[in-house]
1. DSSP loop (so not H, G, I, E, B), at most 14 other Cβ within 10 Å: list which trypsin sites (Lys or Arg not before Pro) in segment 73-139 pass both filters.
2. Can you list the residues, at least 5 places off or on another chain, whose amide H is less than 5 Å from the amide H of D80, using H built in the peptide plane?
3. Using the Karplus curve 6.51 cos²θ - 1.76 cosθ + 1.60 with θ = phi - 60°, what ³J(HN,Hα) values do you get for each residue of segment 135-141, in whole Hz, with x for Gly and Pro?
4. Starting from the Cα of D163, step 7 Å toward the Cβ, then list every residue of segment 82-108 with an amide N under 13 Å from that point.
5. So what are the ³J(HN,Hα) numbers for segment 72-82, from phi and the Karplus equation (6.51, -1.76, 1.60; θ = phi - 60°), rounded to whole Hz, Gly and Pro as x?
6. Can you work out the Karplus-derived ³J(HN,Hα) for every residue in segment 60-68? Use 6.51 cos²θ - 1.76 cosθ + 1.60 with θ = phi - 60°, whole Hz, and x for glycine or proline.
7. Give the long-range amide H neighbours of Q134: residues separated by 5 or more places, or on another chain, with amide H under 5 Å away, using H modelled in the peptide plane at 1.01 Å from N.
8. Please list the non-local residues whose amide H lies under 5 Å from the amide H of T114, H modeled 1.01 Å from N, same-chain partners needing a gap of 5 or more.
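Each value in this text was obtained by applying a stated rule to the coordinates, not by laboratory testing. Note that this is a predicted model, so its numbers are computed, not measured. In this analysis, Cβ positions are derived from the backbone assuming ideal geometry, glycine residues included, and neighbour counts consider all displayed protein chains.
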Amino acid sequence: MEGPRVSLLGIYGVAEGGHEDSSFRHPSSLISDFEGNLVVADTGNHRIVKLTPDGTCAWAVGGQDFEGDPRSGTAQSEFDRPQALATDTENNIYVADSRNCRVQKFSAEGDFLTVFGSRRSANGQFRGDGPLGQALGKNGRILVGDSHTAAGGNHRVQVFTPDGDYLYQFGSYGTGPDQFGGAAPIRQYGFDHGPGIGPGPIGPAALAVKTQPAHLLEQNVQGGSIYVADCDNDRIIAFRGRGVPSLHIGVGLIFRPRQAALDRAGRIYVSGVHMHEPPLQVYDLNQPGKWMVEPECGWVWVFSPAGDPLGRIGLTATHKLMEHHPEAGLHAHGYGLAVNRVDDSNLYVQDDNLIFSYKVEW
């Protein structure tokens, strides 16, 4: 692979200029549609922004106050910290309206189409921090990661029709081969559902699904067609069919994975957040000011369709497969990750309030 060439999109800020303002405030999810546009979940501004391939703001959707500044809301086309996106072949956009525990669907032009989900634990409902991951699967079905918090959650992936009708679910709470989350030790930031790992419970986060026929024919030897970021267990789980676990990817390499994306060759791109904290035994519980957290994950891992590590983007040192652009930062605290669906030529990576556009050539 050639060293990536980098351009930047976005700056930090409240979108004070209305929806035409392309400032971002802690975005947390990116998705490319089938025309090469980039859709951003501008989480801190409680809105969704669509950017053309040259970075121009095409439109934005979200609540606004009387002065035109962004705000959270519960009406249709309003959001409370949206954190996951998916698009279908008609470029309709599914938005995980996370804190409102629902999914809203919009047309390619940003027009509201439908909404489904609410806060509880029945089929078709969400708990915890709400839905944190989405992907389109076979026959246009939408897969949604149903998260958890220290107060509880659903620890599962739910599958819906394109119109939001519940179909089935898979996954549960634990550390087994098809489970999400783990134990609940006390950590610097409170309770953490995970085997002694980073700050804050998450549960199943990003989802990515193979939908191309060539990929599906290979799935029996390549390990699966549905990839779920099992954030608290430090791994990506590959599932077959209706949720049969077949492969664990990135064990020992990735820490608290939050976003994942597939390119047309079936390569898997994964972004992480925090590495492990030291064991609880090293803490003096009477001196929390001295507790330490390990450095952030400052890179994006890339795996083959079979789960073999190919390299990583974001290091300060040159990697034999991928070179880090010296002016692009370390992706110190970004979740967002997307591959251009037109030709795989661009990998979009969020770093706090910037979005890096890497020119990638394998």
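1. Listed in order of number, the matching sites are R120.
2. G73, S98, R99, N100
3. 7, 8, x, 4, 6, x, 5
4. None, by backbone N distance to the label point.
5. Along segment 72-82, the couplings run 6, x, 10, 6, 4, 6, 10, 9, 10, 6, x Hz.
6. With the stated coefficients, segment 60-68 comes to 9, 10, x, x, 9, 7, 5, 9, x Hz.
7. Hits under the 5 Å cutoff: L85, G145, L207.
8. Residues meeting the amide H criterion: K105.
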